[in-house]
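These notes concern the structure reproduced below.
Laboratory data are not the source of any read-out in this text; all were calculated from the coordinates shown. Keep in mind that this is a model prediction, so the values were computed, not measured. Here the Cβ is made from the backbone with ideal geometry for all residues, glycine too, and neighbour counts use every protein chain on show.
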Amino acid sequence: MAVLTRKQREIRRREGELLDVARNLLADRGYLGMNMDRIAEQMEYSKGTIYQHFSCKEEVLLALAIQTGEKRTSMFRRAANLVGPTRDRITAIGTAAELFVRLYPDHFRVEQTIRSASLWEKTSPERQGVLRMCETNCMSVVAGVIHDAVASK
């Protein structure tokens, strides 16, 4: 793992804070109420600083969806790594999916919102690829447990 410079760490920290503010705005005001002006205002940064991280609010939304995918994958991995029969492990993944929706309803809503074609088409292919990779990783966890079940028969 590469060591980040102080400036790189600061950029990541600021981006994380930006996404936290955006997620709260999205939860409180909905998609139409979340915009770059409000994010900048709440962060006490210029709008230009926000645009250094994201080109548009759809990119912010997609970054939130990526965080969601990473969080879900983490929960699925924990469930899949339980010691026990594959039936229990796949049941744990199902339970993790249900818990995810209950514990993180704002995350779940982000995923639903970004799937709108009119929003998706405004986002960069690079960030779309990151989200697709998150989804692939999550489904790979499930596939791994199914593979273990088939192999054990």
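Please compute the length gained on full extension between residue 29 and residue 108, using 0.36 nm multiplied by the number of residues separating them and subtracting their Cα-Cα distance. Extra length available between residue 29 and residue 108 comes to 26.9 nm. Of the DSSP H helices in the chain, those that are both long (alpha-carbon extent of 24 Å or more along the helix axis) and hydrophobic (Kyte-Doolittle mean at least -0.5) are 57-80, 86-103, 125-151. Highest mean packing comes first when the peptides 37-48, 68-79 are listed by Cβ atoms within 10 Å, giving 68-79, 37-48.
Do you know the relative contact order of the chain, to the nearest whole percent, from alpha carbon pairs under 8 angstrom that are 6+ apart?
Numbers: 120 pairs, mean separation 39.4, N = 153.
The value is 26 percent.
Roughly how compact is the chain, stated as its Cα Rg over 2.2 N^0.38 Å to two decimals? Spell out each step's value before the answer.
Details: Rg = 17.9 Å, N = 153, 2.2 N^0.38 = 14.9 Å.
The value comes to 1.20.
Using just the helices of the chain, give the 222 nm mean residue ellipticity in deg cm²/dmol: DSSP H runs with n ≥ 4 each add -39,500 (n - 2.57), and the total is spread over all residues, rounded to 500.
On the way: 8 runs with 126 residues, N = 153.
Using -39500 (n - 2.57) per qualifying helix, the result is -27000 deg cm²/dmol.
Cross-link partners for residue 71 among the lysines, with Cα-Cα distance under 26 Å and sequence neighbours closer than 8 places in the same chain left out: 7, 57, 122.
A compact globular protein would have a Cα radius of gyration near 2.2 N^0.38 Å; the ratio found for the range 1-64 is 1.13.
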